[in-house]
Amino acid sequence: MVALLALVLVTAVWGVTFVQVKDAVAGYPVFPFLALRFAIASVALAPPAAARLRKLGRDGVVAAAIAGGLLAAGYALQTLGLQRTSVSGAGFVTGMYVVLTPLLAFAFFRVRVAGAAWGGVVVASAGLAMLAGIHGGSPTGDLLVLGGAAVYALQIVLMERYAPRYDALAFTLAEMLVAFVVLGLAALPRLTVPHGWTVWGALLVTGVFASALAFLVQTWAQRRTSATRTALLFALEPVWAAIFGFALAGDRLGALGWGGCAVIMGGIALAEPAAADALVRVLRRARPA
């Protein structure tokens, strides 16, 4: 029960950060914001994790570098899209990673894709079509967020395969550091000291709580609950984003927009068992006999 509650809190934190990040990047460039976010996450993890980095070895460093690079790409696409679309729409499109995960597990590891996953793709794609072009959003923004969701799905597949082999604290710190370096290089031309509580508040919440602590809580909780329950709870992220978008950002998507969100959620619910099953089978293949 404690593990499940912890995961619900993680999804709530991720949901409210959609509002904070959208407000922050309205007045501060995207890549500097993301670079500082992962710098803060790295600093938060360094005290307990720095001494453990040697435990990763060469293979662990390479795996963390790949995961960190994907994380950087996913957040860049998502945040650039969030600039151009609504908080609620971005949250539901991000939730597409649940639909995309089994497809990528098939593409990279030949894990069989259940019929429910294909059905989820069709249903969720219909929801995306309904969201496209609604007031307060744009097809370009939604497509950028969808690209971020695809990268997140690939990162989830790789993490399920490789993360159990390495020390969680060391791996997460290395992942955060790589994301910081990649985003820092992209941020250099526009890097300035941020001003105002809107930006600094978003940096602290996303860096400490939504990045460093959230990934550690996920690792801790998944040792105490099943992959299926974890995937089900992660589907709450777009719901929280919609709630906070309505309450804090004034999102008013209209009947077609909210209908699209509901259809996407239906596709996620349809595909979720297949996603959890695919992740379990990827993980089993990765374990030594």
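The values are calculated or read from the model by the stated rules, or taken from the named source; none is laboratory data. As the structure is a computational prediction, the values presented were derived from the model and not from experiment. Quick reminder, even Gly has a Cβ in these numbers, built from the backbone with ideal geometry, and neighbours come from all protein chains shown.
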Item to check | Residue count for the stretch 105-131, restricted to those that are surrounded by 24 or more Cβ atoms within 10 Å (Cβ to Cβ) and either farther than 18 Å from residue 246 by Cβ or at pLDDT 80 or above (or both) | outcome: 4
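Yes/no matrix, rows are residues, columns are (1) assigned to a helix (DSSP H, G or I); (2) modelled with pLDDT of 75 or more; (3) surrounded by fewer than 23 Cβ atoms within 10 Å (Cβ to Cβ):
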| residue | (1), (2), (3) |
| --- | --- |
| 206 | yes, yes, no |
| 214 | yes, yes, yes |
| 219 | yes, no, yes |
| 225 | no, no, yes |
| 228 | yes, no, yes |
| 232 | yes, no, yes |
| 239 | yes, yes, yes |
| 245 | yes, yes, no |
| 258 | yes, yes, yes |
Item to check | Selected residue (criterion: surrounded by the most Cβ atoms within 10 Å (Cβ to Cβ)) from residues of the stretch 1-23 that are over 14 Å from the mean Cα position of the chain (by Cα), over 15 Å from residue 208 (Cβ atoms) and among the hydrophobic types (A, V, I, L, M, F, W, C) | outcome: 19
Next on the checklist: If I filter the stretch 77-92 for residues that are of a type in the set (Gly, Ala, Ser) and surrounded by fewer than 23 Cβ atoms within 10 Å (Cβ to Cβ), do I get at least one hit?
Outcome noted: no
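Residues checked against (1) assigned to a helix (DSSP H, G or I); (2) over 14 Å from the mean Cα position of the chain (by Cα); (3) within 30 Å of residue 139 (Cβ to Cβ):
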site: 45; (1), (2), (3): yes, yes, no
site: 54; (1), (2), (3): yes, yes, no
site: 62; (1), (2), (3): yes, yes, no
site: 82; (1), (2), (3): yes, no, yes
site: 92; (1), (2), (3): yes, no, yes
site: 116; (1), (2), (3): yes, yes, yes
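Taking the stated definitions as given, is residue 46 in contact (Cβ under 8 Å) with a residue 12 or more places away in the chain, farther than 26 Å from residue 252 by Cβ and crowded, with 22+ Cβ neighbours inside 10 Å?
Details: in contact (Cβ under 8 Å) with a residue 12 or more places away in the chain: yes; farther than 26 Å from residue 252 by Cβ: yes; crowded, with 22+ Cβ neighbours inside 10 Å: no.
Criteria not met by residue 46.
Just a yes or no: is a residue in the stretch 38-52 farther than 21 Å from residue 94 by Cβ, of a type in the set (D, E, K, R) and touching a Leu at 6+ places or on another chain (Cβ under 9 Å)? Step through it out loud before you land on a result.
Let us first name the residues in the stretch 38-52 that are farther than 21 Å from residue 94 by Cβ, namely 39-40, 42-52.
If we keep only those that are of a type in the set (D, E, K, R) too, we end up with 52.
From the residues that got through so far, the ones that are touching a Leu at 6+ places or on another chain (Cβ under 9 Å) too are 52.
Among the residues of the stretch 38-52, at least one is farther than 21 Å from residue 94 by Cβ, of a type in the set (D, E, K, R) and touching a Leu at 6+ places or on another chain (Cβ under 9 Å), which makes the answer yes.
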